Every structure is written in structure tokens, then in C-alpha cells.
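K.L.:
My structure is below; once you've seen it, I'll send some questions.
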Amino acid sequence: MKILLISLFLFPLFAASQILHEKDGEVMYTEVINVDSAISKTELFNRAKVWFSTEYKSGKDVIQVEDKDAGMIVGKGIFKAPLNFGFLVGTKIVNVSHTVKLLFKDGKYKYEITGLSGEYFMDEYGRRPMPITNRGYGSNEKNYDKFLYSVNTEILGTISDLKEAMSKSITVEDF
């Protein structure tokens, strides 16, 4: 019983060491999603374009590469996540840049979210880079872990929105 209680107490400490998803040492979220085999690569491509335009303020500015024949869209986006630097500095909003790569084949698509990097503004220092990694940052790891949870939550929300959008056919409503 003591071992069970001790392991339940220590598990969150070990679990917190890897908050973001990693593959080969790089922060990466990736998955292949199978959909109805009757859905064409072109239809999935079009659904993704609609998703980019609704997920980001300006889908046109986010999309860096789009190749309908190859079945690929690559976009770069930014979201904001709070990071508390402690009593003296307070909370800063970190702009988190990321790359979303979508690949399409008939009946399936793959997403990859990579290239996470952060930047925040300090009055006396200007723009400051912020590493986004599971390996800890600075002296206040508890606050950094909270920041990573915010980043992870945002990415998982983006993935959820993508999956929902990709599961719905594009329709034009009567008006």
C-alpha cells in the first residue's frame, strides 16, 4: 500500500518532465487520419484550405506552400501563451510560432505540427527568444511547466479543430 501511495505521489513529477509531444528529440505532433476512402485528395485539400482560413486570422497569410497536385499545404501560424517569470518580472505573453504541414491522399491525410519557437517582449531588452522544449528553462521550472501546458493545450485544440473540419464536407448554404 505504501508503494502504491508513493508511486501515485511521484508520478506527476515524472509525467511533468515531458509535457509536449516529441519525436526523435524534436517537438512534433503528427498523425495519419483515415477518412472515408471515397473522399478524394482534392476534397481533403479543399477542406484544409477552409480550415486554415477559419483557424487563423488570415489563412492566406499563413499558408506558405500549397500544391494541390502533390496534395500538400504548409502554413506558419502564431498563437499566444502566458508565461509567469515570477514576482519581479510578472507574466509575459509569448508569441508561439509553429509550422503546420498537411499531406493528402485519397481517403486519408496526415498532419505535422513542428517548429515551435517563442518570442516575448521585455521593455528594457526588446524582443527576446523563448525556447519551447521539454528540457526546462530558467530557474522557475514550475512556471515554465505551466507555460508548456498552455502551449500543449493550444496545439491539441488546433488538432481537434482540424480533425473536426476535415470530417465535414464543404457545403454552400442557400441564401
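Bear in mind these aren't lab numbers, they're just calculated from the coordinates by the rules spelled out. Since we're looking at a predicted model, the values are computed, not measured.
K.L.:
Express in nm, to one decimal, how much length is gained between residue 123 and residue 80 on full extension, taking 0.36 nm for each residue of separation and deducting their alpha carbon distance.
P.N.:
13.7 nm
K.L.:
Moving to a separate point now. On a full-extension model of 0.36 nm per residue, what is the gain between residue 140 and residue 108, subtracting their alpha-carbon distance, rounded to one decimal in nm?
P.N.:
Difference between extended and current length: 7.3 nm.
K.L.:
In terms of modelled amide H atoms, which long-range or inter-chain residues lie less than 5 Å from the amide H of residue 28?
P.N.:
Under 5 Å from the amide H of residue 28 lie the amide H atoms of 21, 22, 23, each far enough along the sequence or on another chain.
K.L.:
Figure the gain on full extension for residue 64 and residue 99 (residue separation times 0.36 nm, minus the Cα-Cα span) and round it to one decimal in nm.
P.N.:
11.6 nm
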